[in-house]
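Right, one structure below, let's go through it.
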Amino acid sequence: MPLAKHEYVSDTWRDGIFANKVVFCTGGAGTICSAQVRAMVHLGANACIIGRNPEKTERMAKDIATARQGAKVIGLGNVDVRKLDSLEQAVQTCVQELGGIDFTIAGAAGNFLATINQASANAFKSVIDIDLLGSYNTLKATLPHLVKSAAAHRIDGNTPPRNGTGGRIIFVSATLHYAGTPFQAPASAAKAAIDALSASLCIEQGPRGITSNVIAPGPIANTEGMDRLARPEDVQALTRLVPVGRMGSVKDIADATVFLFGDTGNYVNGAVVVVDGGAWRTAGPS
Ligand code: HXC
């Protein structure tokens, strides 16, 4: 018997695939996460972005909203991902204003260059608290809403999703810990733990229809991270290490996000999607 269209091709990569869906994103005013959210909004979602700086976060929310006529994008600044109650309040506002949460992106991060000798124990803790505890808090605060969304979009057996997708989380990690990366020990340790957190979540919550995946960006051009962590000559050296011969773009990360959140990602759970042009295979720093 010939296969029906939905049995061999995903109904994705078209306008409106995320219509009536809500994405909640920490670090959403940053260069990488704002591109992820912008792609989701362009394809129909409404969004709530979370940041520490109110002015920057509100400005970015307005900018992202221009991706689609009629889009609702809320920017909540002054939220500290290190504090669960701060995030829970933000989640409450998001749910009140936008009606729920279908997708979570845990993207808030902090990092600096220093040797283990130079940085204090408190400096180490600060990065771990923002990157790792912040990712856990983002998950903890949004999980009840993801569970509701997953139940509404449940796929059983071979039945294709009826109302799009929902109940999904992406953690934004890094490739720092695949080999040892000097001068970034706190971020490397935090990102390794984030990969482990996602792996636990995928097993624990998969039966409830939640999917948990990691996107590990490599060297992405024109980002705050690159500005803070790499000099122009470092960027040239990094580019030489990338097998495909170029730095990544924020679009590369946005495309991976749409893949994982769209129905192309229905059976992807517990994956680390490395988006780095193959640089990590060279075992050099990226
Ligand atoms: C050594 C430093 C330091 C530095 C801060 N500290 N910067 N130590 N070298 N360059 C120390 C401080 O002295 C202090 O320790 C402790 O860290 C906390 O600093 P605070 O400024 O009080 O804390 P806080 O405001 O929370 O700062 C967090 C931070 C900071 C992460 C330390 O760098 C920050 O806010 N960064 C902004 C966000 C950011 O980094 N964005 C880029 C992310 S890019 P003492 O002992 O003095 O109290 C990214 C990409 C990762 O994450 C992957 C790359 C591929």
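The values are calculated or read from the model by the stated rules, or taken from the named source; none is laboratory data. Just so it is clear, the structure is predicted and the values come from calculations on it, not from any experiment. Backbone-built Cβ (ideal geometry, glycine too); neighbour counts: all protein chains shown.
Does Gly278 satisfy the condition of being in contact with a Pro (Cβ under 6 Å, 6 or more places away or on another chain) and surrounded by fewer than 18 Cβ atoms within 10 Å (Cβ to Cβ)? Yes. Hey, any hits in region 225-244 for a residue that's loosely packed, with under 15 Cβ neighbours inside 10 Å, within 28 Å of Ile17 (Cα to Cα) and not polar (S, T, N, Q)? The answer is no, given that none of the residues of region 225-244 is loosely packed, with under 15 Cβ neighbours inside 10 Å, within 28 Å of Ile17 (Cα to Cα) and not polar (S, T, N, Q). Annotation: Phe24 fulfils all but one of (1) assigned to a strand (DSSP E or B); (2) touching a Pro at 6+ places or on another chain (Cβ under 9 Å); the unmet one is (2). Here region 208-244 is the region considered, the condition is being of a type in the set (Gly, Ala, Ser) and either in a loop (DSSP other than H, G, I, E, B) or away from the ligand (no atom under 13 Å from the Cβ) (or both), and the residue that is modelled with the highest pLDDT is Ser212. The residues on offer are Ser86, Ser135, and the sole one that is modelled with pLDDT of 95 or more and either within 13 Å of the ligand (Cβ to nearest atom) or not in a helix (DSSP H, G or I) (or both) is Ser135. Determine whether Val91 is β-branched (Val, Ile, Thr), within 18 Å of Ala35 (Cβ to Cβ) and either more than 13 Å from the ligand (Cβ to nearest atom) or without any contact (Cβ under 8 Å) to a residue 60 or more places away in the chain (or both). It is false that Val91 is β-branched (Val, Ile, Thr), within 18 Å of Ala35 (Cβ to Cβ) and either more than 13 Å from the ligand (Cβ to nearest atom) or without any contact (Cβ under 8 Å) to a residue 60 or more places away in the chain (or both). Of everything in region 245-268 that is of a type in the set (Val, Ile, Thr) and surrounded by fewer than 22 Cβ atoms within 10 Å (Cβ to Cβ), the residue that is modelled with the lowest pLDDT is Thr264.
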